[in-house]
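Readers should treat all values here as calculations from the given coordinates under stated rules, not as data from a laboratory. Everything quoted here is computed from the prediction, not taken from an experiment. Cβ: placed from backbone, ideal geometry, glycine included. Neighbour counts: every protein chain shown.
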């Protein structure tokens, strides 16, 4: 059995059409699924034949998967320079970002353009930690590296 999934990062009402097939490749018809994206949404399933007629109905639950993104731009800097820390998270309760250099922010996303870091003096890893809707902790990391300097002798 193949069970495809789709993640919606933006909340709101959604409607999708799917075509189910049995193990022999036979298809009873199209199904329209309407739901609202929230932490856990009730799905109204209406199976339709190709003519659009309703043949049966049922209920199900959609669990939206957490989606975390963390980026440092630029990720390669000269010693003492700064970087922009950008993050976003969907389908989670809360998030914090911690840098090894003492930077710290919270929220589900950074402001447009990111948060400006403190001066970077060595390789610095930033960690995005989010509390998922089910209570588990999720993390993602991004690292800023230093451009090597060379001196002639």
* Length-normalised contact order for region 67-146 - Cα pairs under 8 Å, 6+ apart - percent -> 36
* Asked: Once you put a point 7 Å from the Cα of residue 98 and another 7 Å from the Cα of residue 73, both along the Cβ direction, what distance in nm separates them?
  -> 2.7
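Please report 69, 134 as a ranked list, fewest other C-beta atoms within 10 angstrom at the top and most at the bottom. Write out the running numbers ahead of the final one.
Working: 69 15, 134 11.
Ascending number of Cβ neighbours within 10 Å: 134, 69.
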* Structure fact -> 1/(1 + (r/R0)^6) with r = Cβ-Cβ of residue 116 and residue 136, R0 = 35 Å, i.e. FRET efficiency to nearest 0.05, evaluates to 0.70
* What whole-number value in cubic angstrom gives the convex hull volume per residue for the C-alpha atoms of region 67-146? -> 69
* Among 82-92, 114-124, the order from most to least packed when residues are scored by Cβ within 10 Å on average -> 82-92, 114-124
